[in-house]
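See below for the structure under consideration.
Values in this text are rule-based calculations from the coordinates and carry no lab data. Computed from a predicted model, the values in this text were never measured in an experiment. Note: ideal-geometry Cβ built from the backbone for every residue, glycine included; neighbour counts use all protein chains shown.
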Amino acid sequence: MIKNISIIGSGTMGNGIAHTFAQYGFSVTLIDIAKVQLEKGFSTIEKNMDRMIQKGILTENQKQESLKRIVLSDSMPEGLLEADLVIEAATENQDIKLKIFKDLDRFCKPEAILATNTSSISITKIAAVTNRPGQVIGMHFMNPVPVMKLVEVVLGYDTDQETVRSIIELSKEIEKIPVCVNDYPGFISNRILMPMINEAICTLFEGVAGVQEIDSIMKLGMAHPMGPLQLADFIGLDVCLAIMEVLFEGFKNPKYAPCPLLVNMVAARHLGSKTGEGFYSYIKGNKELVVASRFKTI
């Protein structure tokens with residue numbers, strides 16, 4: 001029985017995961033080394049629940065009860081002691097994740113399941129630094145977590161079937177749709193999505209069309225709800241680059257090489273909506289096209 005859930009990282013994905021589990025009655029400990037980030041994450045949860053109230057999805061009483069189920073902690077050992085499941089949602093950096101999982105293995109009770117929200121890093125490699133590889137699994141939630149239904153359940157080489165069954169049932173309890181995949185670079189979601197985004201960036205880099213034209217064609221012609229360049233901004237260009245590098249390193253295939261424009265934009269710290277500028281400029285939440293002098297248009 002999974003009742004107590006600890007979440008590592010209070011950023012966009014971490015606070016979204018905490019929000020969702022608390023809303024469905026689970027006891028949640030949200031862990032981050034920075035108290036400021038914890039407070040910011042909790043504030044985001046409150047605001048997102050307020051939006052759900054406005055849409056008639058939650059009541060004010062349900063919001064208050066959900067918030068009471070969330071405990072904030074800036075100490076990993078204390079925040080993990082009662083956890084039946086830990087979901088790591090830290091930055092998409094392999095070295096950081098490996099260190100976290102070594103610590104989780106030390107601090108968590110032996111029967112606890114250790115999950116990662118990674119979007120591309122090997123579950124098998126993460127599991128190998130623990131003494132419980134059978135209990136390590138990927139739970140790749142989609143952003144925004146309270147809204148998106150998919151959980152990409154990623155099986156490491158040694159993940160046991162009891163762990164898989166537990167995570168599938170848990171995902172259904174929070175009204176998500178779990179889909180199981182095996183552990184290869186990018187899994188399914190990002191192995192298909194990121195090369196498409198990278199190709200869109202290449203068409204911009206080569207001057208085939210401008211930002212707005214590329215996104216409009218994919219929205220109007222392919223029925224995508226959001227164009228690939230706007231989506232890249234929303235994901236974060238640094239995250240897109242990191243995933244492309246994982247694919248390129250994992251398959252050694254030049255088709256996965258990140259576009260030079262993507263590399264340069266990340267180097268310049270133009271990372272998309274979170275920094276205020278990417279393929280679009282973002283001013284107080286409003287989307288505006290980046291000045292035409294940066295990107296050629298026909």
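Quick notes on this structure:
- Residues K55, K99, ranked from the fewest to the most other C-beta atoms within 10 Å, line up as K55, K99.
- Here I126, I177 are placed in order of increasing Cβ neighbour count within 10 Å, fewest first, which gives I177, I126.
- Student exercise, the chain dipole from Lys, Arg, Asp, Glu Cβ charges, in Debye to nearest 20: 420 debye
- Fraction of beta bridges assigned by DSSP in the stretch 4-182 that are antiparallel (%, nearest 5): 15 percent
- For the chain, built as a Gaussian network whose Cα springs stay under 10 Å, the top-fluctuating residue of N48, N198, N264: N264
- Compactness ratio for the chain: Cα radius of gyration over 2.2 N^0.38 Å (N = residue count) comes to 1.02.
- In straight-distance terms, cross-link reach from K35 covers every one of the lysines whose alpha-carbon lies under 17 Å from its own, apart from those fewer than eight places away in the same chain; here that gives an empty set.
- A Cα-only calculation for the stretch 189-289 places Rg and Dmax at 12.9, 41 Å.
- Within the listed set R269, R132, R191, the residue fluctuating most in the Gaussian network model of the chain (springs between alpha-carbon atoms under 10 angstrom) is R269.
- Sequence-separation-based contact order of the stretch 4-182, relative, with Cα cut under 8 Å and 6+ spacing, percent: 20 percent
- Ordered by the number of other Cβ atoms lying within 10 Å of each residue's own Cβ, fewest first, V266, V153 fall into the sequence V266, V153.
- Our summary of shape: the Cα atoms of the stretch 166-212 have principal axis extents of 49, 24, 8 Å, ordered from largest down, in whole angstrom.
- Alpha-carbon centroid distance for the pair the stretch 248-281 / the stretch 66-84, whole angstrom: 35 Å
- Sequence-separation-based contact order of the stretch 144-298, relative, with Cα cut under 8 Å and 6+ spacing, percent: 21 percent
- D (Stokes-Einstein, µm²/s), Kirkwood Cα radius, the stretch 131-267, 0.890 mPa s at 25 °C: 149 µm²/s
- Each 5 Å bin from zero holds the following percent of Cα-Cα pairs in the stretch 23-109: 3, 13, 20, 21, 18, 12, 8, 4, 1.
- Of all segments of the chain bounded by GluC sites (Glu not before Pro) found in a DSSP loop with no more than 14 other C-beta atoms within 10 Å, the longest spans 1-110.
- Over 18 Å (Cα to Cα) - which of K40/K68; K3/K109; K68/K172; K97/K274; K97/K176; K102/K125 fall in this group: K68/K172; K97/K274; K97/K176
- For peptides 67-75, 12-20, sequence by mean Cβ density within 10 Å, most packed first: 12-20, 67-75
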